[in-house]
1. Given a 10 angstrom Cα cut-off, can you work out which residue in Ile118, Ile52, Ile131 is the most mobile in a GNM of the chain?
2. Say each of Ile104 and Leu15 gets a label point 7 Å from the Cα, pointing the same way as Cα to Cβ; how far apart are those two points in nm?
3. Under a Cβ-Cβ cut-off of 11 Å, what is the net charge of the residues other than Glu17 that fall near it, where Lys and Arg count +1 and Asp and Glu count -1?
4. Order of 64-77, 32-45 by packing, highest average Cβ count within 10 Å first?
5. List the trypsin sites (Lys or Arg not before Pro) within the range 93-126 that fall in a DSSP loop (any state other than H, G, I, E or B) and whose Cβ has at most 16 other Cβ atoms within 10 Å.
6. Only four residue types carry charge here, +1 at the Cβ of Lys and Arg and -1 at the Cβ of Asp and Glu. Report the dipole size of the chain about the Cα centre in Debye, rounded to the nearest 20.
7. Accessible area per residue for the chain in Å², computed with a 1.4 Å probe and the full protein assembly in place, what is it?
8. Between the range 1-41 and the range 94-123, what is the separation of their alpha carbon centroids in Å?
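The values are calculated or read from the model by the stated rules, or taken from the named source; none is laboratory data. Every value quoted in this text rests on a predicted model; they were computed, and no experiment measured them. A quick note on method: Cβ atoms are made from the backbone with ideal geometry, for glycine too, and the neighbour counts reach across all protein chains shown. Ligands, DNA and RNA are excluded from the accessible area calculation, which covers all protein heavy atoms including side chains. Shrake-Rupley method; radii C 1.70, N 1.55, O 1.52, S 1.80 Å.
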Amino acid sequence: MNNIKLQGIDKDGTLKEFTLADFAGKKVVLYFYPKDDTPVCTEEAKSFRDNIEKLSKYAVVVGVSADDTKSHEAFMKKYHLNFPLLADEEQKLSEKFEVLKDKIADGKRAIERSTFVIDEKGKIEKAWRDIDINGHVEEILNFIKK
């Protein structure tokens with residue numbers, strides 16, 4: 001899981017290649033979402049954006065969807081997102097985290113809205129699946145502050 005390489009857009013808008021190992025030694029809030037620039041996904045991303053200062057005291061936030069990097073770049077610019085977005089176009093990371101649904105959209109399996117807190121050693125500390133975005137960032141904050 002730590003060695004799956006994905007292209008992504010970092011918080012500064014730069015195209016980079018990432019693996020989860022890049023975040024070793026840091027706690028990571030890894031959230032999977034279905035699609036860029038859709039109503040619920042946009043609200044979820046904005047909630048992370050608006051709380052990034054609080055979250056970044058404890059962890060790095062990283063978003064993942066099956067959208068390509070061009071879509072991520074436009075999404076980040078439009079909503080001034082301040083954390084990396086990874087393009088899991090082949091859905092390898094999504095498969096490893098078991099967040100793929102049987103439903104097919106745009107020729108790919110749909111991603112279940114899920115969030116994982118990964119500790120500094122790369123182990124999953126907490127998983128939320130099929131989440132409701134209302135109050136979710138606060139729930140994550142309460143968990144990672146412990």
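1. Ile131
2. 2.9
3. So the environment of Glu17 carries a net charge of 0.
4. Values: 64-77: 19.8, 32-45: 18.1.
Averaged packing, sorted descending, gives the order 64-77, 32-45.
5. Passing both the DSSP loop test and the Cβ count: Lys121, Lys123.
6. Numbers: 26 positive and 28 negative charges, 81 e Å.
In total the dipole reaches around 400 debye.
7. Values: 7830 Å² over 146 residues.
That works out to 54 Å² for each residue.
8. 12
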